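Step one of this worksheet: look at the structure below.
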Amino acid sequence: MLYPITYLRPALDIPYCHHEKWDGTGYQRGLKGQQIPLPARIFAAADVYDALSSDRSYRKTWSKQKVLEFISANSGSYFDPRIVDVFLKVINTQE
């Protein structure tokens, strides 16, 4: 759907790969580690942070602390550990 939009083509890795997991257990292509494009690895952490820290029809908002603990606990499995380190530094400097 996005491919015909010329100016979005450079960002197609994000919607296509942000559900891949660092350990290879994600989807859609089963990519692992550095096979996952960097923009998708960055977006994965941001997307999970946003999703868990927002109310959903099926779940209440998690506390910031609980969200950060989840992301930290999944560093090296769901998320690129280097991305998590930088992400946590950025989030923690915004207090």
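Tabulated values for the structure
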quantity	calculated
Criterion: basic (Lys, Arg) and modelled with pLDDT of 95 or more - qualifying residue of Arg29, Arg9, Arg41	Arg41
Pro39 being touching a residue at least 24 places away in the same chain (Cβ under 8 Å) and touching a strand residue (DSSP E or B) at 6+ places or on another chain (Cβ under 6 Å)	no
Filtered residue count, segment 40-95, keeping only those that are aliphatic (A, V, I, L, M), exposed (fewer than 12 other Cβ atoms within 10 Å of the Cβ) and within 20 Å of Trp22 (Cα to Cα)	0
Qualifying residue in segment 51-59 (condition: touching a helix residue (DSSP H, G or I) at 6+ places or on another chain (Cβ under 8 Å), of a type outside the set (Gly, Ala, Ser), at pLDDT 95 or above and not in a loop (DSSP other than H, G, I, E, B))	yes
Of all residues making up segment 1-48, the number that are in a helix (DSSP H, G or I), under 14 Å from Tyr78 (Cβ atoms) and either of a type in the set (Gly, Ala, Ser) or out of contact with any Lys or Arg (no Cβ under 9 Å at 6 or more places or on another chain) (or both)	9
Contacts under 6 angstrom Cβ, first residue in segment 48-67 being under 25 Å from Ile83 (Cα atoms), partner exposed (fewer than 10 other Cβ atoms within 10 Å of the Cβ), 6 or more apart	Thr61/Asp55
From Thr25, Thr6, Thr61, residue being touching an Asp or Glu at 6+ places or on another chain (Cβ under 6 Å) and polar (S, T, N, Q)	Thr61
Failed item in (1) among the charged types (D, E, K, R); (2) out of contact with any helix residue (DSSP H, G or I) (no Cβ under 7 Å at 6 or more places or on another chain); (3) buried (at least 18 other Cβ atoms within 10 Å of the Cβ), with Glu20 passing the rest	(2)
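The values are calculated or read from the model by the stated rules, or taken from the named source; none is laboratory data. Owing to the predicted nature of the structure, the values given are computational and were not obtained by experimental measurement. Note: ideal-geometry Cβ built from the backbone for every residue, glycine included; neighbour counts use all protein chains shown.
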